[in-house]
Ligand code: 2HA
Ligand code: ZN
């Protein structure tokens, strides 16, 4: 079978083209790679022609013998559907995990992306972290996310919480949260190393003033994660650009309920981080608000006084903000966020007791979620002892065995760098 007739190649090209049509790939910006399944390699390898082996600047033993479909350095995503054999290629990793060679595509002398190191090392990390299910790495340059990195502090928990505050879907799709790393030179080994450290904890890494680096099991998931994060960032930018004061956002307690009801395992440190630039929580105006520590409803008259507010008829809008009163309960202390931990698998959610029956006042439809104490059994992961940082992540060090990981023995990423490995691969 021809490479371009396969489902994986067609899917890969569609992901790249979707990124182009979304405006995430100016000029030659962005790159992507897919770790092929053995049966996919078998289907197409008769059409391979091999080139000389090239030394990698790192050892990636757990990727030995793997094949990757990958974008070419300098290729414009807008050209991928039109000229896939020049803008894409397949590379093979040798049996020692120290060399690669081209075996398909890269027509007219093109070569793999300048971010090859980031792709290979991070494939290794994600392969271990997901017990082999992760296959795609997708890097794009979405504008709203880059804009957000200009104004939101580069603290991963704050950044995650700010994204989650905008759009519920973002917490669902990106439940492990994002990691924001420091600015690094594009295509550098340092960028690969910093991304790999972050990818031990999450599949979504933010490169400030540059872009998004996402790992996923398939192309739909990779594009979906990038889309959800960029959409939340876009909402953040639009909401702040309109110049009106914020009056609402997804609260900590909303996230606790969401995590519990969908078994999301949202990490405590992300849920309780303060969203940046969010609405200040207005003073509780009802017993229910006080009991649940939810943002009080802002009186409609107050909203209507805001500059640029819609002039809704006050009578009908006032009817929408009536909240049922419930008996006040003592407010609960907010748990301290846990310090940064290596993330274990999310804990299963404890079955929740049936909520106490509500008072008999008529309930608005949106209040179908019962009122209950919020902090009894949150569906969070439990903190685990912090493992030592793997030595292998230090740049310019002598090669030595990988020492620690959150993964079970045998599944660890084992990449390590050669001393003074600094130059780009292409
Ligand atoms: O130009 O996006 O990060 C390709 C890139 C480098
Ligand atoms: Zn880039």
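Numbers for the structure displayed
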| item | result |
| --- | --- |
| Added length on full extension, which subtracts the Cα-Cα distance from 0.36 nm per residue, residue 50 to residue 274 | 75.4 nm |
| Using a Förster distance of 45 Å, the FRET efficiency for residue 1-residue 261 (Cβ separation, nearest 0.05) | 0.50 |
| For the stretch 167-209, the fraction of alpha-carbon pairs in successive 10 Å shells from zero, as % | 30, 47, 20, 3 |
| Cubic angstrom per residue, convex hull over Cα atoms of the stretch 5-82 | 127 Å³ |
| Distance-filtered residues of the stretch 27-51 - backbone nitrogen under 15 Å, label point 7 angstrom along residue 108 Cα→Cβ | 28 |
| Simple label model, 7 Å out from Cα along Cβ direction - residue 133 to residue 10, nm | 2.5 nm |
| Relative exposure of 274, 2, judged by other C-beta atoms within 10 Å (fewest first) | 2, 274 |
| Sorted by Cβ density within 10 Å, fewest first, the residues 183, 20 | 183, 20 |
| Chain lengthening between residue 85 and residue 244 when straightened (0.36 nm per residue, less Cα-Cα) | 52.3 nm |
| Fewest-first ranking of 210, 139, using other Cβ atoms within 10 Å as the exposure measure | 210, 139 |
| Distance between the stretch 188-210 and the stretch 90-118 - C-alpha centres, whole angstrom | 21 Å |
| Cα pair distances of the stretch 127-231 binned at 10 Å [whole percent] | 16, 53, 29, 2 |
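FYI, it's all coordinate maths here, none of it is from the lab. Keep in mind the model is a prediction, meaning the values are calculated, not measured. Cβ: placed from backbone, ideal geometry, glycine included. Neighbour counts: every protein chain shown.
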